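The values are calculated or read from the model by the stated rules, or taken from the named source; none is laboratory data. A quick note: this is a predicted structure, and the numbers were derived from the prediction, not measured. Here Cβ is always computed from backbone atoms with ideal geometry, including for glycine, and neighbour counts include all displayed protein chains. In case anyone asks, the SASA skips ligands and DNA or RNA and just uses the protein heavy atoms, side chains included. Shrake-Rupley method; radii C 1.70, N 1.55, O 1.52, S 1.80 Å.
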Amino acid sequence: MSSLRELVFPRLSELSVSGYEPYVNDHSAHIDRSFLPGVNLIVGINGVGKTTLLNVIFRMLVGPYDPAKADRIRPGRKQATVIRSSNFDFFRRRAADGAQLATASATFRFGERTIKITRSLKDLTLIGYALDGHETLAAIDPLGTDEELMDLLAKLMGFDVQRAKARDAVSYRYDFDFVVRNLIFFLEDKVPLIWNPDGQYVILRILLVDEELSEDISAARNDLLRADSQYRNRLWAANKIRDEITERLAALPDLPSEVEQFGLVVSEVANLTKACEDLKEQRDFFNREMDGIDNAILHARAEAFDSQLALRREEAAYFQQAFREVRTPGDLIIQALQSHEGCLVCGNTDESAYRRARDLMERHKCPVCESDTAPPEGIPALGDAILERLQETERKAGSARQLLASLDQRSREIGDAYRSANSDLFETTTRLRHAQRREDQLATQAEKSRLVVELNKQLEDLDADVAGLRSDLDAHIDRHAKLVHASKTFVEERSQAIIDAFERYASSFMVEDCELRYRSDRPAKIAQSDEPIDWPAFEVYLASGADRSPTERVDASAVSESQKEFIDLAFRMALLRVAAEKRPSMLVVETPEASLDAFFVGKAGALLRDYASAEPGNVLLASSNLTREQMIAQLLGTTEGLEDPERRRARTLNLLEVARETKAYRMNKGFYDGRYEEAVVGPLEDDDDGSGGE
Amino acid sequence: MEAEPIQFGGSPHRLQGWLLFLLEQAGRLGLAPVSQERLHLLLFYCAVLTPVHGMEQPVPKILKHRDRPFYPEAQEEILSLVVRGFVGTTTREAVSDLGWESDGYWVTDDGLSVAERLKATSWGKSTSRFVRDLVMGFAELDPDDADDIVEQDALFRDDRLQRGHIRDIVKENQAAEAAKLVADYDVDGLKPDPRDSIALYFEFLQARRAA
């Protein structure tokens, strides 16, 4: 069996309240009391301030710190954390003067150590504390000192604060508060642990589970709750956004293909625009080239024309020369006259004409005009020179033609290229215009479609976000479940001791057989988005009807108020007994008789007295009304007379003596004083209950 | 040699060259004396086929005279050649007679000497070669109908060309288009050479006539 955590429980030893209006009367301006080991009672009547005083004691320990509101209503339900109330007004509201100057101071024993805590009752601001007589004043930094004090109190209770802080575990503050609030103080607004599985597990964890594991569970639980809350909040927001998006999507056409088409058309337009620019540039280039070539062609044509004319001239001259060289016209005239064809001009066939012509020819004279025709001597044959000149001209004309031809060819090529570019440009421009028209048409649709895509993307992002949080949450759930599972061993080891203690307490005041059973598989979930896991838990079984063996598990609604109260009290006492082992502890019970049938009062008194005396040093602090129910006498053991009356008186704080006088007390002073004496000292000889006019 | 950029067509000295080359070649192939009608016919073939071979046309316009082509300016030049003794003629009359005709022409030795001289020029060289191919093609034809195949020629087949009408063949030359088709007609990836293409054209006309 693992060693149990040695928690040290605070026990009240002294209390003083001063300047607090509810406890000021003509005779007394303050309360100043010592508390004895064993039973201590705060007695009074309705409205005299019993509850307030128990709360003063309670608040001296926990200060103005509280768990989350939901956790107060159902302990163990929410995050394991305490929050400081910035303006604590519980006591202020109960004082006519606003408790401006009221202070309270309480001394507690934690084992061998004592701590005295002083707070303002106006708002619980810490005034100071004294540990084993060493005073620390909070004047300079009340808040910081209060935090220190809280750590100190947790440390005194046995939490390894230093180690916890090193591990960033802060649950000891909540755990300390939980022990004080839900185990030690059994006040009227208490939440029964036996009927509240969440709270039950928390107290089991604090009391029984290894401290480090306990811290881990607490932290894991906090993380889980935080993750759960985050997840749910995000899920809620996501669902809201999803609804909006879905609504918007429903109003939009489902056109993913339009977007695709639009994308294609956009890139087509871009490509065609680029192509058009390129073709235009090409065309302009060819156009410039053509201009250049046209000019060159014009020049070349002029040159070719000139050279051609020259050629014709030279050629004609050469041809004429060729004919002349072969046969001169003079020869023709002679031939015609000789052959009796007669004169080529007039047809005269006379012989003298022939002779005259031949004579003239022989003398190198023209037979027609008689001019001199003899060529100058020494001049070379004219024909060759003309031929050479002609051939030179032919070469020139040839190269001029060649140049022109090549320019023409180039012009045709460029012209073809120009026309091709132009026709391509025309075609491309047409296609571009079509594409632009389609782009315009698709743009509107695509805008909507883009929105659809965008919204769908948003949905995906939302889902991913939520899924991320969910997986985070799942990791926390998993870790927490494993830790809870590991904690079962610790609870299970002590379960029988708790069951035995419970049975002992329960049997003393229950007629029915009441049994506590342990189970390690009570299904419950701690957050909203998790699945139930198995928890270690104690459940109450009652015998029903004639069947005497307890078989029926019961919940709080199935038992009477008295039973409910006592089952829970018995459970707490059992827990305290097991957790404290042989160490002294304290139990603070508010008006135990309040919900008890008269039959149970005696039993309850005996039970509580039994607790008070179970360990030397145990402190039972109860408040009780001065009624005829005998609860006070039962608690003090007045009837048995185990202590002398003064000792019993020392165990009681009669608020009627110190509190502001109430109307009821004024009217029935004798009755209440009589009741007090009867309860503390013993039954009076002359019972004067009739004078009270109850 | 590329065609000349400007078609002078029918320039008198070149026309005399054409006539001398035609008569020279006809003489060589045994076609002399060449009747006036055939001489004009050969000149016509020269006119319609020269564009196919990238050459200058001897005469730019065709006159349809008695169902045959006739070129008055060429007739002037032939008379000049006859008068100067470069071309012989079967009928010799006085220059003063107007519009006389001859049964046949042939080139004289002086004409041959002149033709040789003209071949020394670039124009003379290419023109004489073309004329040689053309007359050789013509000489291959059946002598009986050689003069008549012109009726199958695209220009002469054209009903729009009436007697006495003149057609500017620089502007419109269906015969050249037909000849071009023949010249570009390739057999087994080979196109006919210039001489073959001319011969093929004559064969084409003859085949049409036969059909």
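So, A:A501, is that one under 19 Å from A:F538 (Cβ atoms) and in contact with a Cys (Cβ under 6 Å, 6 or more places away or on another chain) or not?
For A:A501, the condition - under 19 Å from A:F538 (Cβ atoms) and in contact with a Cys (Cβ under 6 Å, 6 or more places away or on another chain) - is not met.
Of the residues contained in segment A:40-53, none is found to be in contact with a His (Cβ under 8 Å, 6 or more places away or on another chain) and either crowded, with 22+ Cβ neighbours inside 10 Å or farther than 26 Å from A:L156 by Cβ (or both).
For A:A164, the conditions (1) assigned to a loop (DSSP other than H, G, I, E, B); (2) surrounded by 19 or more Cβ atoms within 10 Å (Cβ to Cβ) are fulfilled apart from (1). Say whether the condition of being within 14 Å of chain B (Cβ to nearest Cβ), touching a Phe, Trp or Tyr at 6+ places or on another chain (Cβ under 9 Å), of a type outside the set (F, W, Y) and part of a loop (DSSP other than H, G, I, E, B) is met by at least one residue in segment A:305-328. The answer is yes; a qualifying residue exists.
Scoring B:L190 on the criteria (1) at pLDDT below 80; (2) aliphatic (A, V, I, L, M); (3) within 20 Å of B:V131 (Cβ to Cβ); (4) open to solvent by 20 Å² or more (accessible area, probe 1.4 Å) leaves a single failure, condition (3). Is it the case that A:D534 is within 30 Å of A:E6 (Cβ to Cβ), open to solvent by 20 Å² or more (accessible area, probe 1.4 Å), in a strand (DSSP E or B) and in contact (Cβ under 8 Å) with a residue 40 or more places away in the chain? Yes. Of the residues in segment A:217-225, at least one is among the charged types (D, E, K, R), at pLDDT 85 or above and open to solvent by 30 Å² or more (accessible area, probe 1.4 Å). Restricting segment B:92-110 to residues that are of a type in the set (G, A, S) and open to solvent by less than 30 Å² (accessible area, probe 1.4 Å), the residue that is modelled with the highest pLDDT is B:G104.
Here's a check for you: in segment A:126-161, which residue that is free of Cβ contacts under 8 Å to residues at least 40 places away in the same chain and part of a loop (DSSP other than H, G, I, E, B) is nearest to A:V56 (Cα to Cα)? Result: A:A138.
Only a single criterion out of (1) touching a residue at least 24 places away in the same chain (Cβ under 8 Å); (2) within 24 Å of A:A302 (Cα to Cα) is not satisfied by A:Q409, namely (1). In the condition set (1) at pLDDT below 90; (2) of a type outside the set (G, A, S); (3) over 30 Å from A:A250 (Cα atoms), A:P536 is compliant with all but (1).
Filtered by the rule that a residue be farther than 19 Å from A:F58 by Cα and open to solvent by 10 Å² or more (accessible area, probe 1.4 Å), segment A:170-193 gives a lone residue, A:V170. Of the conditions (1) away from chain A (no Cβ under 14 Å); (2) closer than 20 Å to B:Y71 by Cβ, B:T127 satisfies every one except a single condition; which number is it? The number of the failed condition is (1). The number of residues in segment A:58-98 being at pLDDT 80 or above, closer than 12 Å to A:F178 by Cα and open to solvent by 50 Å² or more (accessible area, probe 1.4 Å) comes to 1. Comparison of A:L451, A:L469 shows that the only residue that is out of contact with any Ser or Thr (no Cβ under 9 Å at 6 or more places or on another chain), open to solvent by 40 Å² or more (accessible area, probe 1.4 Å) and in a helix (DSSP H, G or I) is A:L451.
How about segment A:362-392: which of its residues are of a type in the set (A, V, I, L, M) and modelled with pLDDT of 75 or more? If the condition is that a residue be of a type in the set (A, V, I, L, M) and modelled with pLDDT of 75 or more, then A:V368, A:A385, A:I386, A:L387, A:L390 are the ones that fit.
With segment B:47-91 as the region, which strands (runs of 3 or more DSSP E) entirely inside it contain at least 3 residues that are over 14 Å from the mean Cα position of the chain (by Cα) and crowded, with 19+ Cβ neighbours inside 10 Å?
Numbers: elements: B:61-65, B:68-70, B:87-89.
Once the strands (runs of 3 or more DSSP E) in segment B:47-91 are filtered for at least 3 residues that are over 14 Å from the mean Cα position of the chain (by Cα) and crowded, with 19+ Cβ neighbours inside 10 Å, what remains is B:87-89.
Within segment A:449-493, the set of residues being in contact (Cβ under 8 Å) with a residue 12 or more places away in the chain and under 15 Å from A:N239 (Cα atoms) comprises A:L455, A:N456, A:Q458, A:L459, A:L462, A:D463, A:D465, A:V466, A:L469, A:R470. In segment A:325-354, the residues that are buried (at least 18 other Cβ atoms within 10 Å of the Cβ) form Cβ pairs under 6 Å with partners that are among the hydroxyl-bearing types (S, T, Y), at six or more places apart or across chains, as follows: A:V326/B:S113; A:L337/A:Y354. Taking the numbered list (1) crowded, with 17+ Cβ neighbours inside 10 Å; (2) modelled with pLDDT under 85; (3) not aliphatic (A, V, I, L, M) in turn, A:S307 passes all entries but (2). Kindly check whether there is at least one residue in segment A:205-215 that is more than 29 Å from A:I498 (Cβ to Cβ) and either among the polar types (S, T, N, Q) or open to solvent by 20 Å² or more (accessible area, probe 1.4 Å) (or both). No: segment A:205-215 contains no residue that is more than 29 Å from A:I498 (Cβ to Cβ) and either among the polar types (S, T, N, Q) or open to solvent by 20 Å² or more (accessible area, probe 1.4 Å) (or both). Going by the structure shown, is A:S16 touching a His at 6+ places or on another chain (Cβ under 8 Å), outside any helix (DSSP H, G or I), among the small types (G, A, S) and surrounded by fewer than 18 Cβ atoms within 10 Å (Cβ to Cβ)? Answer is yes for this residue.
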